[in-house]
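Structure provided below as structure tokens; questions to follow.
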Amino acid sequence: MAGNPRAVDHAFARVPRAGFLPAGARVRAEYDGPLEIGHGQTNSQPRTVRDMLLLLDVTPGDRVLDLGSGSGWTTALLSVLTGPAGRVFGVELEADLVRFGRRNVAGFANASISRAVPGVLGLPHLSPYDRILVSAEPRTLPDELVDQLGPDGRMVIPVRGTMMLVVRDGDLVTTSRHGSYRFVPLR
């Protein structure tokens with residue numbers, strides 16, 4: 001794996017999962033598994049999130065798209081990793097989760113969560129991004145997200161149960177596989 005384990009561990013320490021869960025689920029915040037947050041969505045397993053953040057290799061100052069931001073936990077973690085010079089754009093389809101996520105990231109000045117436009121993946125009008133984190137599973141790698149990567153961009157996305165790292169180097173795009181995972185479907 002790439003990435004800076006110390007930086008990721010620091011982000012986890014600064015952004016406890018419990019604050020991003022519905023009140024009834026907070027007692028299980030230390031559980032290393034996915035927890036439901038409503039509307040058929042989950043707050044991902046911490047170990048999985050850590051693996052994804054290490055693959056993503058976020059650096060201070062990066063512009064990051066967080067697709068499937070849910071409760072805002074990954075958006076907040078990414079905010080810490082990018083630092084004040086970076087920017088994190090969370091996107092969520094479910095209106096109730098957008099409101100919940102926005103409340104949860106209110107204290108992170110460089111992070112925001114927007115409601116996804118049905119039929120549009122990501123926020124193409126704000127691209128390119130240095131990093132894209134996708135926390136929902138498509139059946140195939142979406143070209144429209146690859147197109148939103150900047151010239152030295154990285155995307156971490158679960159595709160059909162396999163975690164993929166997509167790296168753009170100028171016009172060259174390479175992919176690699178990094179284990180099996182389960183996620184809610186990308187709609």
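Could you grab me the full set of residues in the stretch 168-187 that are open to solvent by 30 Å² or more (accessible area, probe 1.4 Å) and within 22 Å of Ser44 (Cβ to Cβ)?
Thr175, Ser176, Arg177, His178, Gly179, Ser180, Tyr181, Arg182, Phe183, Pro185, Leu186, Arg187
Quick check, is Gly38 within 18 Å of Asn104 (Cβ to Cβ) and modelled with pLDDT of 85 or more?
The answer is no for Gly38.
Please indicate, with yes or no, whether at least one residue in the stretch 154-162 is in a strand (DSSP E or B), farther than 18 Å from Val49 by Cα and polar (S, T, N, Q).
Filtering the stretch 154-162 for residues in a strand (DSSP E or B) gives 154-159, 162.
Remaining after also requiring farther than 18 Å from Val49 by Cα: none.
Checked the stretch 154-162: no residue is in a strand (DSSP E or B), farther than 18 Å from Val49 by Cα and polar (S, T, N, Q).
May I pose another question? Among the residues of the stretch 113-166, count how many are buried (at least 17 other Cβ atoms within 10 Å of the Cβ) and at negative phi.
Total meeting the criteria: 30.
The values are calculated or read from the model by the stated rules, or taken from the named source; none is laboratory data. The structure displayed is predicted, hence computed values, not measured ones. In this analysis, Cβ positions are derived from the backbone assuming ideal geometry, glycine residues included, and neighbour counts consider all displayed protein chains. All accessible areas refer to the heavy atoms of the entire protein, side chains included, with ligands and DNA or RNA removed. Shrake-Rupley method; radii C 1.70, N 1.55, O 1.52, S 1.80 Å.
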